[in-house]
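For reference, the structure discussed in these notes is given below.
The values are calculated or read from the model by the stated rules, or taken from the named source; none is laboratory data. These numbers come from a predicted model, not from an experiment. Because the Cβ atoms are built from the backbone with ideal geometry, glycine has one as well, and the counts that use them run over all protein chains shown.
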Amino acid sequence: MRITFLGWGSLIWKLGCLKIKGCWKTDGPFLPIEFARISKDGRLTLVLYSHASNVQTLWALSAYNDLKQSIENLACREETSKGNIGFANILNNSSHCNTVPNILPIIQRWAREKKLDAVVWTDLCSNFKELNEDNVIEYLRNLKGETLCKAKTYICKAPKQIKTKIRLRIIQEFGWLPQEC
């Protein structure tokens with residue numbers, strides 16, 4: 001089975017226990033992604049967000065040929081439950097996506113074009129009370145010390161092609177430009 005992971009944030013530069021074959025490719029499906037989640041360490045992170053503009057994601061082949069193992073591998077890397085991992089199995093038309101279910105046809109079409117059997121991604125939702133550019137900027141302005149450092153590092157290391165509305169505003173306000181890792 002040819003299985004791939006989709007990525008748009010720290011998976012790209014920090015594999016951890018994620019097992020991939022080769023390297024990340026930049027021609028993934030266009031999906032609605034935004035800096036819309038505050039992680040447990042205070043970083044502002046990229047997640048699927050239904051009101052976001054579509055950006056082109058990245059993808060890498062899973063080292064596993066088994067969908068269940070690939071899902072477990074990503075859940076381990078993300079330190080989350082398997083319920084927070086989305087997937088689309090092209091071979092039997094099964095899928096799981098809680099956050100933005102209307103992305104499934106986009107992912108399935110892209111996978112067929114790439115001759116992939118299944119696609120796996122992180123399916124975490126926004127946890128901002130009210131997500132808008134001003135609230136995000138205010139949140140970042142109030143960060144201090146190590147939390148601010150981690151937030152800046154994540155935002156700057158996010159792939160250049162992930163050009164979201166909030167990222168553009170962060171660049172305007174703070175000058176935190178994307179960087180190569």
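Below, the figures for the structure above:
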{"item": "Inter-residue pairs, beta-carbon under 7 Å, first within 13 Å of D134 (Cα to Cα) and in region 166-178, second in a helix (DSSP H, G or I) and charged (D, E, K, R), 6+ apart", "result": "I166/E133; R169/E133"}
{"item": "Filtered residue count, region 25-52, keeping only those that are surrounded by fewer than 19 Cβ atoms within 10 Å (Cβ to Cβ), more than 18 Å from N135 (Cα to Cα) and touching a residue at least 60 places away in the same chain (Cβ under 8 Å)", "result": "3"}
{"item": "Qualifying positions in region 142-181 - aromatic (F, W, Y) and part of a loop (DSSP other than H, G, I, E, B)", "result": "W176"}
{"item": "Neighbours by Cβ (under 9 Å, 6+ apart or cross-chain): first from region 1-21, closer than 24 Å to R112 by Cα and modelled with pLDDT of 95 or more; second of a type in the set (K, R) and in a loop (DSSP other than H, G, I, E, B)", "result": "R2/K114; R2/K115; T4/K114"}
{"item": "Residue in region 147-159 that is farther than 18 Å from T45 by Cα, within 18 Å of the chain's Cα centre (by Cα) and among the hydroxyl-bearing types (S, T, Y) present", "result": "no"}
